[in-house]
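What follows is one structure encoded as structure tokens, with my remarks underneath.
The values are calculated or read from the model by the stated rules, or taken from the named source; none is laboratory data. Remember, it's a predicted structure, so these values are computed and weren't measured experimentally. Because the Cβ atoms are built from the backbone with ideal geometry, glycine has one as well, and the counts that use them run over all protein chains shown.
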Amino acid sequence: MASPLDPLFITRRHFFSKLSAGLGGLALGSMLSEKSFGAESSPIAVPGFAPKAKRVIYLFMSGGPAQHDLFDDKPLLRQRNGEPLPDSVRAGQRLTGMSGNQAVLPLAGSHFKFSPFGKSGTQLSELLPHTGGVIDDLCLIRSMFTEAINHDPAMTFLQTGSQIAGRPSIGSWIHYGLGSLNDNLPAFVVLVTKKPTDQPLYARLWGSGFLDSRYQGVRFSSGKEAVFYLTNPDGICGSGRRAMLDKLAGLNRIGYEKELDPEIESRIAQYEMAYRMQTSVPEATSIEGEPKSVLDLYGPGVEQPGTFAANCLQARRMAERGVRFIQLYHPGWDSHGNVPQALPKLTKEVDQGCAGLITDLKQRGMLEDTLVICGGEFGRTAYSQGILTKESYGRDHHPRCFSMWMAGGGVKPGIVHGATDDFGYNITKDPVHVHDLHATILHLMGIDHTRLTYFHQGRHFRLTDVHGEVVKNILA
């Protein structure tokens, strides 16, 4: 019987799939001849302007840090501590079920002192002394806002541009748009602080959604093996592994010729990447050669795998080796109660690591083309969730305004962007939506966010959906 690939027996589906692949290959081959920052350019994302950032390190504080206690001091809350939140300030905003049924929403002034740091004189909490030491390298945004009021949709929104699960993450979009800088390491790496937490982190937050699976993030663990199942089992040598992969690739190519499924080609590519990672990952994750002066930048936990400090150092090592997008997750910021006791522990875990990363990148000349981002999925309320006492208070979720900071990669250093009202409840100047943040990140990477699209289910999708404006006031 004739092969299904025989021209006389080829199906309509095979014909058009092969035709589109051939034409697409010609166009793609032509466009990939141009290099962008040492990487193969995307035929979709090339915007015609020079990128400022070569890579991104995104420090995600999962749970929502309390901006009133860290970045956005509100003396009025201390003066009117315990008084009800005025209805005119709330203006009918919906609340979560955790505080929406409270008879009174008592204003809660921060227990922590604020003071000016750096030449810029930016006010920061006493809980962030190390961050204060690098404040002149940071752009502090006090006017972020989102539409999601609960953790899962809010985290999904910050990571994918949609509150609904299933969209590609920002790291996947950037890998898709710009390609890789290193053939021996993933373009998108994820590191999670190892600590007990009630709030789970889902792999879909760094997933590729409807993009090809080769664009998904690769999570590195803090155990003996940074990537699970990467090393050869006992009795398997390198040459044997190579022979097995060659045979498997041949079988997969036969499958591809029959099915024309691009995921089969992705599987081949991922097997090859895993083979190369057998030697590249151990070298990239080992800190044995790091001098004490560098280790001291990140703090006492830097040599303990899985700490935030250790992950910050790993992020710098990944960035140094051409990883395009490095995402660090630090869970535990969901401070619904007991903020005065819980928050100092959290800041102690991250403050020196964040500052050490900025300092390390800067002294290596990498900060100028590395975009560092730090923030959570929303902010916390100006009022106390639960009973307010002299010793303690809690803060509920607050999407209407929160703070983030950015550094390097084409961002103006030493500035504060945006402002909130005296209650820290509403934005009064220069609001920055999640889509605006994403548009700005892509712009700094040399991507026009309106042109980075993917056709799926009958329409063109993009990270910023149909919204988003570049925040030009923070660009250097």
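Among residues of the range 204-217 being outside any loop (DSSP other than H, G, I, E, B) and within 13 Å of the chain's Cα centre (by Cα), the one that is surrounded by the most Cβ atoms within 10 Å (Cβ to Cβ) is W206.
Yes/no per residue for (1) touching a Leu at 6+ places or on another chain (Cβ under 8 Å); (2) modelled with pLDDT under 95; (3) under 29 Å from L105 (Cα atoms):
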site: F378; (1), (2), (3): no, no, yes
site: I387; (1), (2), (3): no, yes, yes
site: M404; (1), (2), (3): yes, no, yes
site: G409; (1), (2), (3): yes, no, no
site: P413; (1), (2), (3): yes, no, no
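Restricted to the range 298-407, the set of strands (runs of 3 or more DSSP E) holding at least 2 residues that are under 19 Å from L140 (Cα atoms) comprises 370-375, 402-407.
Within the group I170, I135, which residue is at pLDDT 95 or above and farther than 16 Å from H467 by Cβ?
On the way: I170 fails: farther than 16 Å from H467 by Cβ.
The unique qualifying residue is I135.
With respect to G289, is the statement that it is buried (at least 17 other Cβ atoms within 10 Å of the Cβ), among the small types (G, A, S) and at pLDDT 85 or above true?
Values: buried (at least 17 other Cβ atoms within 10 Å of the Cβ): no; among the small types (G, A, S): yes; at pLDDT 85 or above: yes.
No, not satisfied.
Screening Q385 on (1) buried (at least 24 other Cβ atoms within 10 Å of the Cβ); (2) under 20 Å from F308 (Cα atoms) shows it passes everything except condition (2). Whenever a residue of the range 115-130 is outside any loop (DSSP other than H, G, I, E, B), its partners that are among the aliphatic types (A, V, I, L, M), lying with C-beta atoms within less than 7 angstrom and at least six residues away or across chains, give the pairs F117/L124; F117/I135; T122/I135; T122/L140; T122/V416; L124/I135; S125/L70; H130/A355.
Checked against (1) crowded, with 24+ Cβ neighbours inside 10 Å; (2) out of contact with any Phe, Trp or Tyr (no Cβ under 9 Å at 6 or more places or on another chain); (3) among the β-branched types (V, I, T); (4) in a loop (DSSP other than H, G, I, E, B), I447 passes all but condition (2).
Pairs meeting the criteria (first residue in the range 237-248 and under 17 Å from T279 (Cα atoms), second residue of a type outside the set (D, E), beta carbons under 7 Å, at least 6 apart or on different chains) are R241/N232; R241/Y275; L245/Y271; L245/Y275. When the range 225-261 is filtered for residues that are modelled with pLDDT of 80 or more, part of a loop (DSSP other than H, G, I, E, B) and either out of contact with any Phe, Trp or Tyr (no Cβ under 7 Å at 6 or more places or on another chain) or among the aromatic types (F, W, Y) (or both), the ones remaining, listed by number, are E225, L260, D261. If you filter the range 47-88 down to residues that are among the hydrophobic types (A, V, I, L, M, F, W, C) and surrounded by fewer than 18 Cβ atoms within 10 Å (Cβ to Cβ), you find that the one that is modelled with the lowest pLDDT is F49. I287 meets the conditions (1) among the hydrophobic types (A, V, I, L, M, F, W, C); (2) under 22 Å from K195 (Cα atoms); (3) assigned to a helix (DSSP H, G or I) in every case but one. The failed one is (3).
Residue-wise test of (1) buried (at least 24 other Cβ atoms within 10 Å of the Cβ); (2) of a type in the set (A, V, I, L, M, F, W, C).
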residue	(1), (2)
N311	yes, no
R317	no, no
N338	no, no
A342	no, yes
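Every test in (1) farther than 25 Å from D421 by Cβ; (2) among the polar types (S, T, N, Q); (3) assigned to a loop (DSSP other than H, G, I, E, B); (4) in contact with a Lys or Arg (Cβ under 9 Å, 6 or more places away or on another chain) is passed by S110 save one, and that test is (1).
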